[in-house]
Structure formats: structure tokens, C-alpha cells
Amino acid sequence: MTRVARWMWKTAFPPVAAFVVFTTLWHVATVQFRIKPYVLPSPLRVWEAACENAGMLWGAACLTGFEALVAFGCSLVGGVVVACLFSQSRAIRTAFFPYAVFLQTVPIVAIAPLIVIWFGYGIHSVILVAIVISLFPIITNATAGLLAVDPDLLDLFRLNNASRAQTLLKLRLPSAVPSIITGARISSGVAVIGAIVGEFFVGYSTQQRGLGSLVMFYKETDPVILFATVIASTLLGLAIFSAVSFLGALILRRWYDVPQDVAR
């Protein structure tokens, strides 16, 4: 068996097989129990609806994906910068970390009206909502990685009179790369959720509709297209998460020897 074939068998086959089994059970259940389409449409009807509305779903997925990627990029840069500040001072970390926790604990439905009042409706507000949701994993993981440095290495840098900036750039940040990548993987998936949730509350537009806006539009009118939209949202989140995971594995290979199954 070739290397590519082994990779396909170990990595690609299990999720594909699980999808086939799940879809088969879904179809059998809708037929056997005669479930109404407005309760649970069959996978064939969902597939037909997805094909008929492929252009609309693709455009909505592209818009939501753009919002999620912009929010993820802002969260990655902003989260690492904040984590660097936290790693330099216990006083700063103690004073401001609870406010970082606030980003994770505050219900988005509570601040969505404020975002609408301050920034209005539109894509910029959706991105802001996604940033609020996806920023916390970057901050926590990056901070943990920056602080989890071998004390002997810190002593070595002090003995050589390294400045704070040199210690940060040449020791703490390289050591924190795995933690930052872990936070990025979490944040990438959460950013998609944040973009969709943001579209629920602040992103509705008759000219531009993301996946969240389609969910709100079709939840009362067409459950079949609604299911197709939910599946499209899932695939979008999976695609972005997989891309970030793949890039993270490539980056880790330049610093560390990682197991092959982890790198994949």
C-alpha cells in the first residue's frame, strides 16, 4: 500500500464512512417513520434543495467565510499582542485578565443591541461580534504558552543581560508557538460560529445575506433549504478549521518534531 493510500485509509476513510452511515440512517428514519419534511426532510430532498440553490448558498458561504476569516485574523493578532502584554507583568495580567474572561462569558444577545446602536447593521458589526467571541481562546492559550518557559532558559537570558524585548522575541514567543496554534485552531472554528450568530442579530441585509441571515430567513418558510444552509455552515466551519490546522502543522514542523498523526 502506497503512502498516499495509507494516509487516505487512516485519515479520510473514517469520517467518510461515518458520514455515509449517518446519512443512510437519516434517510431510513425519514422513510420508515414517515417523518414530515418540515420536521426532518430526507437527505435526498436536502441535496436537491442544495443543488437548486447552489449559487445562493455559495455566495452566502463566501460572505460568512470572509467575515469569519477577517475576525479570526484580527483575533489572532490582537490576542497575541494582549498575551505578550500579560506575560510581561503580573500586575497587568491580574488587572485585565478578568476583562478578557468577560469576552467569553457575556451573552452575545446582550451586547448585540449595543453593537447595533454604536456601529449600525452590516458586515462590520458582524465581524466585531465574531471578534468578541473568538478572541478569548487566543489570549488564554498564548498567555499560557508565553509563561510556560523553562526557568533555566530565563536564567540564561538574564545572565547574558538580555532585555525584555529580546527575551520575548527570542525565547517566549518561539516557545509559545504550539500554544498559539492551539488557540488559533479553537478560535478559527469559533470565528465561524461568531459570524453566523452575528448575522442573526446585526447582519441582516436584503442585498447581502450570509449563512446566518439565510437561517433566519428560511426558518419559517422552507425547512429543506434551512437544513441545506445548516449543512453548508458546518462544511464552512470544517473547511476553515482544517485549513488552520494544516497550516499550524506546517509551522510546527519547522520548530519541533511532531508525530505524523498530529501533523496531519
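General remarks:
- The set of residues in region 16-38 that are without any contact (Cβ under 8 Å) to a residue 60 or more places away in the chain and assigned to a loop (DSSP other than H, G, I, E, B) comprises 33, 34, 35, 36.
- Hits in region 147-174 - residues which are within 24 Å of residue 75 (Cα to Cα), surrounded by 16 or more Cβ atoms within 10 Å (Cβ to Cβ) and without any contact (Cβ under 8 Å) to a residue 60 or more places away in the chain: 149, 167, 171
- Test result for residue 115, modelled with pLDDT under 90, within 18 Å of the chain's Cα centre (by Cα) and within 22 Å of residue 210 (Cβ to Cβ): no
- Options 129, 177; residue that is surrounded by fewer than 18 Cβ atoms within 10 Å (Cβ to Cβ) and touching a residue at least 60 places away in the same chain (Cβ under 8 Å): 177
- Selection status of residue 69, modelled with pLDDT under 95 and either out of contact with any Pro (no Cβ under 7 Å at 6 or more places or on another chain) or of a type outside the set (Ser, Thr, Tyr) (or both): no
- Taken together, 100, 83, 144, 91 contain a single residue that is in contact with a Ser or Thr (Cβ under 7 Å, 6 or more places away or on another chain), of a type in the set (Gly, Ala, Ser), more than 30 Å from residue 46 (Cα to Cα) and without any contact (Cβ under 8 Å) to a residue 60 or more places away in the chain, which is 144.
- When each of 113, 98 is tested for being part of a helix (DSSP H, G or I), closer than 30 Å to residue 176 by Cβ and not aliphatic (A, V, I, L, M), the lone residue that passes is 98.
- Helices (runs of 4 or more DSSP H) fully within region 131-205 that include at least 3 residues being under 14 Å from the mean Cα position of the chain (by Cα): 173-201.
- Any hit, region 159-168, residues being charged (D, E, K, R), at pLDDT below 95 and touching a helix residue (DSSP H, G or I) at 6+ places or on another chain (Cβ under 7 Å): yes
- In region 65-104, of all residues being of a type in the set (Ser, Thr, Tyr) and over 15 Å from residue 187 (Cα atoms), the one that is surrounded by the most Cβ atoms within 10 Å (Cβ to Cβ) corresponds to 87.
- Condition met for residue 227 (under 30 Å from residue 43 (Cα atoms), assigned to a helix (DSSP H, G or I) and modelled with pLDDT under 90): no
The values are calculated or read from the model by the stated rules, or taken from the named source; none is laboratory data. Since we're looking at a predicted model, the values are computed, not measured. A quick note on method: Cβ atoms are made from the backbone with ideal geometry, for glycine too, and the neighbour counts reach across all protein chains shown.
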